[in-house]
Amino acid sequence: MIYTKIKGTGSYVPKRFLTNDDLAQIVDTNDEWIRTRTGIEKRHIVTDEYTIDLAEQAALEALESSHVAKEDIDLVIVATVTPDHYFPGIAQLLQKRLGLKTVTAFDINAACSGFLYALQIADKMIKSGAFHNALIVGAETLTRLTDWSDRNTCVLFGDAAGAMVIGTSDYDSIRTVITGSDGDDNSYLICDNVDLKDPYTNEKSTQDHIHMNGREVFKFATRIMPQMVRDLLEMNKMSIDDLDYIVAHQANLRIIDKAARDLNFSMDKMYVNINEYGNTSAASVPLAIDEAIRKGHLKRGDQFVTVAFGGGFTWGGALITY
Ligand code: UT7
């Protein structure tokens, strides 16, 4: 039986940030509304960096903390909805930037759940015996897709990257990873990118922005997050009291709070950093896990669940003995 574990983590956010007051200069909003409805106080945004730049910094930090040599990485998976090109993927750009040998490298898109999808794929590929050490990254520059005149969305998102090196382990650490999707509700959170182009008129494409039905996403999120935690616990014959932490996708503090209340779990043990970064999509979970580890909240031996949900709808969760 091959086991896997988290060997190292890293994260990176751009230096520039916008406060709620800054946004109130741009759209009809205010600090009080944003804080009380979302828990967000500021968000970091790119100005001269691209998704690959954020991914590289987070990956370098994860590699350093993992003590895994670059030559021993044989798999790179990047979760992103904001790749810098249609192709090549961020994973190939990252391979070049890091000077990795020939590896299997690819990007995946499962919106804000993308990192959990990457974790599940990497975990299974290593447990199959075909690969040994994977670098998995969630990297986003979502503010490039933000409509800065739409107060319903522009206050929510920020840019970041989080990375993890996972590899073979002598104990069962990454115990269960689950993912799922329901395409019926794909229009509630959407950003188009490809226009149909008639070769005779050849109309110019215009970049679309994020469109969201916040209430529907909210309803879905508050249902799926506690359900995933319960499913993971049941699959591992554990109870909520066995968990030291829950690291949830940082989309709205009220969503996290509602999940905690539904699960009868202390809010003190729900990791929260949405106030600092806003919703950073696929980067949200690895950024939060890295921070929770670096700040000493998550320690070796702790049992935690991480859960995410996103456009699609998609969802994913993992039960990990760190
Ligand atoms: O990764 C997944 C991504 N997305 C999410 O997780 C989003 C999930 N949904 C949410 O977090 C919440 O639905 C929002 C934060 C987006 C919105 O909160 P809400 O409590 O559901 O507000 P609402 O959409 O029901 O809007 C309430 C009011 C409306 O005004 P009226 O119609 O009552 O006069 C909005 O126009 O708040 C207004 N509003 C704002 N006011 C000030 C909406 N956005 C803003 C704003 N500032 N930024």
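Every number in this text was worked out from the coordinates using simple rules, so none of it is lab data. The model shown is predicted, which means the values in this text are computed figures rather than measured ones. Counting neighbours? That spans all protein chains shown, and the Cβs are built from the backbone with ideal geometry, glycine included.
Looking at region 139-168, which of its residues are under 14 Å from the mean Cα position of the chain (by Cα) and more than 12 Å from the ligand (Cβ to nearest atom)?
Of the residues in region 139-168, the ones under 14 Å from the mean Cα position of the chain (by Cα) are 139-142, 157-164.
Result: 139, 141, 159, 160, 161, 162, 163, 164.
Determine the pairs where a residue that is free of Cβ contacts under 8 Å to residues at least 60 places away in the same chain, located within region 109-138, has a partner that is in a helix (DSSP H, G or I) with Cβ atoms under 7 Å apart, the partner being 6 or more residues away or on another chain. Partner pairs satisfying both residue conditions: 131/125.
If I ask for residues that are in contact (Cβ under 8 Å) with a residue 12 or more places away in the chain, assigned to a helix (DSSP H, G or I) and not β-branched (Val, Ile, Thr), which ones from region 258-283 would you list?
Applying the first criterion (in contact (Cβ under 8 Å) with a residue 12 or more places away in the chain) to region 258-283 yields 258-260, 262-265, 269-283.
Still in the list and also assigned to a helix (DSSP H, G or I): 258-260, 262-263, 269, 274-277, 281-283.
Listed by number, the residues that qualify are 258, 259, 260, 262, 263, 269, 275, 276, 277, 281, 282, 283.
Here residue 308 passes the criteria (1) surrounded by fewer than 17 Cβ atoms within 10 Å (Cβ to Cβ); (2) under 28 Å from residue 188 (Cα atoms); (3) in contact with a helix residue (DSSP H, G or I) (Cβ under 7 Å, 6 or more places away or on another chain) except the one numbered (1). Scanning region 213-236 for residues that are without any contact (Cβ under 8 Å) to a residue 40 or more places away in the chain and either outside any helix (DSSP H, G or I) or at positive phi (or both) turns up just one, 213. Is it fair to say residue 224 is within 12 Å of the ligand (Cβ to nearest atom), hydrophobic (A, V, I, L, M, F, W, C) and within 22 Å of residue 113 (Cα to Cα)? Spelling it out, residue 224 is indeed within 12 Å of the ligand (Cβ to nearest atom), hydrophobic (A, V, I, L, M, F, W, C) and within 22 Å of residue 113 (Cα to Cα).
Within region 6-18, restricting attention to residues that are crowded, with 20+ Cβ neighbours inside 10 Å and assigned to a strand (DSSP E or B), the residue that is nearest to the ligand (Cβ to nearest atom) is 11. Exactly one residue among 56, 64 is in a helix (DSSP H, G or I), buried (at least 19 other Cβ atoms within 10 Å of the Cβ) and of a type outside the set (Gly, Ala, Ser), and that residue is 56.
Tell me yes or no: at least one residue of region 120-135 is in a loop (DSSP other than H, G, I, E, B), within 18 Å of residue 162 (Cβ to Cβ) and among the small types (Gly, Ala, Ser). No, there is no match, as no residue in region 120-135 is in a loop (DSSP other than H, G, I, E, B), within 18 Å of residue 162 (Cβ to Cβ) and among the small types (Gly, Ala, Ser). One residue stands out in region 19-48 among those that are touching a Lys or Arg at 6+ places or on another chain (Cβ under 6 Å) and within 25 Å of residue 286 (Cα to Cα): the one that is nearest to the ligand (Cβ to nearest atom), namely 19. The C-beta contact set for region 32-46 (first residue touching a residue at least 60 places away in the same chain (Cβ under 8 Å) and closer than 18 Å to residue 217 by Cβ, second residue surrounded by fewer than 17 Cβ atoms within 10 Å (Cβ to Cβ) and polar (S, T, N, Q), distance under 7 angstrom, 6+ apart or interchain) comprises 39/275; 40/275.
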